1. Run through the DSSP bridge list for the chain and note the antiparallel percent, rounded to the nearest 5.
2. Work out which helices of the chain, taken as complete DSSP H runs, extend at least 24 Å along their axis over the Cα atoms and score a mean Kyte-Doolittle of -1.0 or more, then list them.
3. Looking at segment 18-98, which chymotrypsin sites (Phe, Trp or Tyr not before Pro) are in a loop (DSSP not H, G, I, E or B) and have at most 11 other Cβ atoms within 10 Å?
4. Using the Cα centre of the chain as the reference point, and only Cβ charges (+1 on K/R, -1 on D/E), how large is the resulting charge dipole? Debye, rounded to the nearest 20.
5. Give me the extension gain from Q208 to C58: residue separation times 0.36 nm, minus the current Cα-Cα distance, reported in nm with one decimal.
6. Looking at the chain as a GNM with Cα springs under 10 Å, which of P60, P145, P161 has the largest mean-square fluctuation?
7. Per residue of the chain, what 222 nm ellipticity follows from adding -39500 (n - 2.57) for every DSSP H run with n ≥ 4, rounded to the nearest 500?
8. Using Cα positions and a limit of under 17 Å, work out the lysines in reach of K120, with same-chain residues fewer than 8 apart set aside.
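Derivation of every value follows stated rules applied to the coordinates shown; laboratory data play no part. Quick caveat, the model's predicted, so the values are computed rather than measured. All Cβ positions, even for glycine, are placed from backbone atoms using ideal geometry, and neighbour counts span all protein chains on display.
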Amino acid sequence: MLKAIIFDLDGVIVSTDNYHYRAWKMMADKEGIYFDREINNRLRGVSRLESLEIILECSPKNYSESEKQNLMEYKNQVYLNLLDELSEKDILPGILDLLNFLKEKKYLMAIGSSSKNAKKILKQIGLLNSFDAIVDGNDIDRSKPAPDVFLIAANKMNIEPSKCAVIEDAFAGIKAAKAAGMLAIAIHNAVKYQDADLFIEEPNDLIQYFNK
Ligand code: B16
Ligand code: MG
């Protein structure tokens, strides 16, 4: 019997994925590196450094560790400036109804995000105090597809992993949820991947599922 639901943040609760794209695109253009939305899709759920390494696959130049640090800082600064535009209006459709429904049904709820900016994002959209646990990129050494972020969230809620479900928009996140021994629910971009246990088109589908 499920007791807790762990939400991915970027791409599930709010579309910061487009801000990541715009910030990485500015960095790539500055460096003369080819970057498009298809490459951006590979960055979903993975850490900032791993994202940069994927983008640098298109560059003939070898970047030193300090150059990589500078590129990541540049990207993050652009990204943080873009995040200032975020507000409650950016919460994706159906998410608030789903959170209210789960709360009413007494499920515990957590955030499991690879982002080091997760708390800033949650504050901007007014959801910082809506979860029983928040685990983000600052709490982990290995990002998704490693199960760590979700296992720490389960531990913080004091719930066994097998009693948790994860809602994810990224392949790396679905793999991480499976590796954690949790029910993996795919939404948006992640529905392409067969590994998930449940596929939903919108948050309301999950309300229907729990009401069955
Ligand atoms: P940051 P999630 C992830 O968030 C993003 O999907 C991924 O594109 C990004 O590289 C990662 O956070 C790190 O973000 O640079 O803000 O630390 O989907 O796990 O909520
Ligand atoms: Mg995501």
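1. 5
2. 65-83
3. Hits after loop and neighbour filter: Y34.
4. 360
5. 49.6 nm
6. P60
7. -13000 deg cm²/dmol
8. Candidates past the 8-residue exclusion: K75, K89.
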